[in-house]
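Read the structure below first, then the notes.
Nothing in this text is a laboratory measurement; each read-out follows from the coordinates by a stated rule. A quick note: this is a predicted structure, and the numbers were derived from the prediction, not measured. Don't worry about glycine lacking a Cβ; one is built from the backbone with ideal geometry, like all the others, and counts go over all protein chains shown.
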Amino acid sequence: MTQKIARFLSDHQPATPCLVVDVDRVEGNFRRLRRALPLARVYYAVKANPAAPILERLVGLDSSFDAASIEEIRDCLAAGAKPEAISFGNTVKKASAIVEAYAAGVRMFAFDSEAELDKLARLAPGSRVYCRLLVENDGAEWPLSRKFGTSVDMARELMVEAAARGLDPYGLSFHVGSQQTRTNSYEAAIGKVAMLFTDLAEAGVNLRMVNLGGGFPIRYDQEVPGIDTFATAIMGAMTRHFGNALPEMVIEPGRFLVGDAGVVSAEVVLVSRKSANDPVRWVYLDIGRFGGLAETEGEAVKYRMSTPHDGSAAGPVVIAGPTCDGADIMYERSNYRLPTALACGDRIELHDTGAYVTTYASQRFNGFAPLAEHYI
Ligand SMILES: *Cc1c(COP(=O)(O)O)cnc(C)c1O
C-alpha cells in the first residue's frame with residue numbers, strides 16, 4: 001500500500017467496502033513500462049479500471065487506449081483521448097457500436113473472424129484492422145481460453161481479404177493470458193506472428209504492426225518476474241525474428257498499470273466456527289465475489305490482506321463474502337491464515353486490488369451497493 005493510501009485511510013476512515021486508488025502510482029507504473037519497452041506504444045486496457053481520474057491521467061501522459069465496448073470508447077473520449085489514440089480491441093462488436101466508433105473518428109479495429117471482417121468492411125471502410133491470433137495461455141493465472149483469436153491459416157486468409165475489401169491490413173495481435181508469469185509465452189507468440197508476416201508479404205500484403213496484448217503480471221501472494229525481464233525477452237524475440245525490419249509495436253497493459261495502485265478497505269462482519277473445537281474460523285467480510293472480487297473465482301488471484309492485529313498469533317481461516325450465495329466464498333483451499341484476535345467490526349485491507357475489481361461488482365445483489373471508489 002502506498003503512503004498516500006495509508007494516510008487517506010487513517011485520516012478519513014472511509015465507509016467500507018471501498019477501493020482507494022493512488023493515481024500517482026498508476027503514472028509511476030506507466031513510466032516504468034515505457035522505460036522498459038520504449039519502442040512499444042502503450043494502449044491501456046480500459047476494462048482493468050475505467051475510472052475517469054485514471055483515464056485523464058493517462059491522457060496527460062500521451063497514452064493510447066484499448067477499448068472493449070462503445071461505452072469504454074465514450075469514456076476515453078470524455079477523458080480527453082483523441083479518437084486516433086483509441087483501438088476498438090474487442091473481436092466481438094455490435095454493428096451499432098462499430099458505426100458509432102467510426103463516426104467518432106476511431107480507425108483501428110481488432111477482428112478474428114470472417115463475419116466481423118465483413119462488418120468492418122461495411123461499417124468502418126478504410127480503417128486499420130488487425131487480426132488476433134489464438135496463442136497458448138499456459139502460465140497465465142487468469143487465462144483467456146480459446147474464446148479469442150484464430151488460427152494462423154485463417155488469419156492469413158482474412159488479412160488478404162481485408163486488403164481486398166478496402167481495409168488497411170495493419171497487423172496482428174495476440175494475448176498470452178492475464179497475470180502471465182512466463183516470458184516464453186510472449187516469445188512463442190512473437191515467433192508465430194513473424195512467420196505470418198513473412199507469408200503475407202509473399203502474398204503481397206505488407207503488415208506494419210505487432211500487438212503484443214497485455215498479461216504483464218503483478219505481485220499478489222507470489223513474486224513474479226519484473227517488467228524488465230519481460231521487456232528483454234520480448235525485444236530479444238522481436239529482433240531475432242524481424243531483424244532490422246522491426247514493425248511498430250503495441251502493448252495493451254491493464255493489470256500492470258493499475259493493479260498495485262489500489263487497496264480495498266473492508267470490514268470483518270463475522271468470525272465464526274462450524275463446531276466448538278474446529279480450528280478453522282470462517283471470516284465473513286463486507287466484500288466478496290459479487291462485490292467485485294470476481295478474480296477469486298477458482299481462487300485464481302490470491303490477494304494479500306492486512307489487519308490491525310498483524311504480527312500476533314494467527315490461525316487457519318476460510319474467507320467469504322456477505323451475500324447469501326454459496327458461491328460467495330473467496331478462499332477455502334488456499335491455506336489463508338489470519339490473526340486469532342480478529343473480531344467483528346475490525347477493518348481489513350485487501351492489497352493490489354486496483355485492477356478488475358470495481359467493474360466486476362454486482363448491482364445490488366442482496367441489496368448491497370456497488371463498491372465505493374476513491375481516486376487520490
Ligand atoms: C484484458 C485485455 C488486455 C489487458 O490484459 P492484462 O492482463 O490486464 O494486461 C489487453 N488486451 C486485450 C485484448 C484484453 O482483452
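For the reader, a short list of remarks on this structure follows.
- In this structure the amide hydrogen of ARG41, modeled in the peptide plane, comes within under 5 Å of the amide hydrogens of MET249, VAL250, ILE251, none closer than 5 places in sequence on its chain.
- Degrees between helix 23-36 axis and first principal axis of the chain (Cα, 0 to 90, nearest 10): 40
- Distance from the C-alpha centroid of region 316-344 to that of region 60-113: 39 Å, rounded to the whole angstrom.
- Taking only alpha carbon atoms, region 23-257 gives an Rg to Rh ratio of 0.94, where Rh is the Kirkwood radius.
- Degrees between helix 183-202 axis and first principal axis of the chain (Cα, 0 to 90, nearest 10): 20
- Calculated mean residue ellipticity, 222 nm, the chain: -9500 deg cm²/dmol, from DSSP H runs (n ≥ 4) at -39500 (n - 2.57) each, averaged per residue and rounded to 500.
- DSSP-defined beta bridges in the chain - what % are antiparallel, rounded to 5: 40
- Only lysines eight or more places from LYS119 in sequence, or on another chain, were considered; those with a Cα closer than 18 Å are LYS93, LYS94.
- In terms of its C-alpha gyration tensor, region 22-85 comes out prolate, because a/c is 1.5 or above and the ratio a/b outweighs b/c.
- Applying 1/(1 + (r/R0)^6) with R0 = 30 Å to the Cβ-Cβ distance of VAL92 and ASP138 gives a FRET efficiency near 0.80.
- A Förster radius of 41 Å, combined with the Cβ-Cβ distance separating SER113 from ALA276, puts the computed FRET efficiency at roughly 0.10.
- Taking packing as the residue-averaged number of other Cβ atoms within 10 angstrom, the listed peptides 114-122, 288-296 run from highest to lowest as 288-296, 114-122.
- Over region 260-375 - Rg/Rh using Cα atoms and the Kirkwood inverse-distance radius: 0.94
- Helix 227-242 vs. the chain, principal-axis angle (Cα, 0 to 90°, nearest 10): 20
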